[in-house]
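Below: the structure, in structure tokens.
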Amino acid sequence: MVSRHYKSKRYKREKFIDKHLNGDGKVIDSFIVDKGHEKGLERHDVTENGIIIIYNSVSNKLITKLVARENQIKRYYHNSGREPPEWLLYLARYHESLRYNR
């Protein structure tokens with residue numbers, strides 16, 4: 001199940017992720033995030049391929065997918081009191097250098 005926003009605006013990013021990053025990959029961590037959205041909290045799943053998959057935590061609808069930036073990864077882990085895996089930070093830096101998150 002996907003949100004209207006995802007259906008109408010994010011199909012190009014989905015194709016890019018499939019083509020250049022071999023798809024989403026396996027979820028390695030999940031974080032509940034409060035963005036103050038009227039529809040409630042979000043669940044941000046971080047995958048082994050350096051993708052962040054964002055769902056509405058109430059409806060479980062897919063909102064969007066992002067190619068993770070290093071600082072995003074650091075924030076998730078810092079806010080949960082943990083250290084991010086170094087290999088994941090390296091992967092995010094690599095994707096940033098290729099401008100995959102633009």
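Which residues, taken from the stretch 48-65, are crowded, with 17+ Cβ neighbours inside 10 Å and either within 16 Å of Lys26 (Cβ to Cβ) or free of Cβ contacts under 8 Å to residues at least 40 places away in the same chain (or both)?
Asn49, Gly50, Ile51, Ile52, Ile53, Ile54, Tyr55, Ser57, Lys65
Does the stretch 83-93 contain any residue that is touching a residue at least 12 places away in the same chain (Cβ under 8 Å), touching a Lys or Arg at 6+ places or on another chain (Cβ under 8 Å) and of a type outside the set (Gly, Ala, Ser)?
Yes, the stretch 83-93 has at least one match.
Just the residues that are in contact (Cβ under 8 Å) with a residue 24 or more places away in the chain and farther than 23 Å from Tyr11 by Cβ, please, taken from the stretch 66-76.
Residues satisfying the conditions are Glu70, Ile73, Tyr76.
Throughout, read-outs are computed from the coordinates displayed, never taken from laboratory work. Source: prediction; values computed, not measured. So basically every Cβ, Gly included, is an ideal-geometry build from the backbone, and we count neighbours across all protein chains shown.
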